[in-house]
1. Just give me the residues in the range 72-100 being aliphatic (A, V, I, L, M) and without any contact (Cβ under 8 Å) to a residue 40 or more places away in the chain, in sequence order.
2. In the range 40-56, how many are of a type in the set (D, E, K, R) and in contact (Cβ under 8 Å) with a residue 24 or more places away in the chain?
3. Only one of (1) surrounded by fewer than 16 Cβ atoms within 10 Å (Cβ to Cβ); (2) among the β-branched types (Val, Ile, Thr); (3) touching a residue at least 12 places away in the same chain (Cβ under 8 Å) fails for residue 59. Which number is that?
4. Go through 78, 38 for me and flag whichever is closer than 20 Å to residue 22 by Cβ and over 13 Å from the mean Cα position of the chain (by Cα).
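Since every read-out is calculated from the coordinates, none of them should be taken as a lab result. Since the structure is predicted, the reported quantities are computational estimates derived from the model, not experimental observations. Quick reminder, even Gly has a Cβ in these numbers, built from the backbone with ideal geometry, and neighbours come from all protein chains shown.
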Amino acid sequence: MSWFVIDKEEEIFELDDVRDEDKVMMALWGRWILLNRNKFVRDYYRGTIAFVDEYWEMIKLAAGWSALRVWLLMFVVNRFLDGAQVARVLKHYEKLAGVV
């Protein structure tokens, strides 16, 4: 499984038309969802909170708040979350990251 993750991440980071911050979010999500798909499908909001809980430090260091926001807006587009849930996830991240 680790080779699969590494291979996918290499593919992601070879993309030229994607911002580096977005590549980080794609790679982090790819790792997390591979192991936690059932948790996410059971409850999209709680699954997203669990993702942020696990990776908030890496998001803060390598991607930033705006990349997380863009990632969460894709969840709205795909109807996994609504706007209020995105706001709560971002507030949760801000508390963890000390961005408040």
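1. Listed by number, the residues that qualify are 72, 73, 74, 76, 77, 81, 84, 86, 87, 90, 99, 100.
2. Of the range 40-56, the ones of a type in the set (D, E, K, R) are 42-43, 46, 53-54.
Now drop any that are not in contact (Cβ under 8 Å) with a residue 24 or more places away in the chain, which leaves 53.
Counting residues in the range 40-56 that are of a type in the set (D, E, K, R) and in contact (Cβ under 8 Å) with a residue 24 or more places away in the chain gives 1.
3. Single failed check for residue 59: (1).
4. 78
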